[in-house]
Amino acid sequence: MTKNIGKYILSGIIKAVIFNKATGNLRVTPNEGFYFLVPLVEEPTVYDMKARTYTMSIAQLEGEIKGDDSLQALTSDGQTVLLDISVRYHPDPDHLDRLHRSLGIDYVNKVIRPQVRSTVRMIVSDYPVLDVYSGKRTQIQAKLEQQLRESFKKNYITLEEVLLRNVQFSREFQQAIENKQIAQQEAQRMKYVLERQEQEKKRKIIEAEGESESLRLKGKALADNPQLIQYEYIKLLAPNVQAIVTDQNTIFNFSDFLKSQKK
């Protein structure tokens, strides 16, 4: 835009609202070009009609306001979340005169910023914290866009897009999540230990039952064949011995004994 005495040259996507101090009327320049003004009577206010982005972010140099300008909201379960929000918008070219009368050039601070903050807090309050963080984030963004579009339209501003860019928990909730994860890991470890102990208990029971059954069978065998006691005893003394003389007239032959047991 270049200003000369008594005229304005408008170029690009720019419009001017020209106020006539004598009549109190407004007129809007329809497009770019040369526009002659009555000196001291007509006063122009220039509006950039290009789409712009307003960002509220925790990043120090990212948002419109330097420093932490993230939006803080409470979820339905009472948890605090910090959100980075960006909105793309531009003035409604068909109602620029109404925008100028009702809000003026500072419409961003009068409408966009407060409406975004209010709408975000209202919608987030309907969801639990984990839904805001991941589960229904897309749904929340869609609701924000719908409600802000209607709100902006009433104020002669066109909304193009809403971006819910980042969600962070409060430090307290992050610590609570970490503690919960640690507790779950410990519970899993204890479950594993208990399962191992239970398996070991079952193994010992089965082993004891096997030993008991073995002793029972041995006891029955000994009761049926008393000579087995001698056999077991000699086998412990000398496993490879096949026969032994027990007195001058008797030879105990293990091979014959075992054959007789098989019959």
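The values are calculated or read from the model by the stated rules, or taken from the named source; none is laboratory data. Just so it is clear, the model here is predicted, and its values are computed rather than measured. Cβ: placed from backbone, ideal geometry, glycine included. Neighbour counts: every protein chain shown.
Odds and ends about this structure:
- Hits in the stretch 94-145 (condition: free of Cβ contacts under 8 Å to residues at least 60 places away in the same chain and assigned to a loop (DSSP other than H, G, I, E, B)): LEU103, GLY104, ASP106, SER125, ASP126, TYR127, PRO128, LYS136
- Screening LEU99, LEU26, LEU71 for residues that are closer than 23 Å to SER170 by Cβ, modelled with pLDDT of 85 or more and surrounded by 13 or more Cβ atoms within 10 Å (Cβ to Cβ) leaves exactly one candidate, LEU71.
- Restricting attention to the stretch 27-59, the residues that are polar (S, T, N, Q) and touching a helix residue (DSSP H, G or I) at 6+ places or on another chain (Cβ under 7 Å) total 1.
- Of the residues in the stretch 106-120, at least one is surrounded by fewer than 18 Cβ atoms within 10 Å (Cβ to Cβ) and closer than 19 Å to VAL167 by Cβ.
- Boolean, ARG165 is among the charged types (D, E, K, R), touching a strand residue (DSSP E or B) at 6+ places or on another chain (Cβ under 7 Å) and closer than 17 Å to GLN72 by Cβ: yes
- Residue within the stretch 47-61 that is among the aliphatic types (A, V, I, L, M), assigned to a helix (DSSP H, G or I), modelled with pLDDT of 90 or more and closer than 23 Å to GLN146 by Cα present: no
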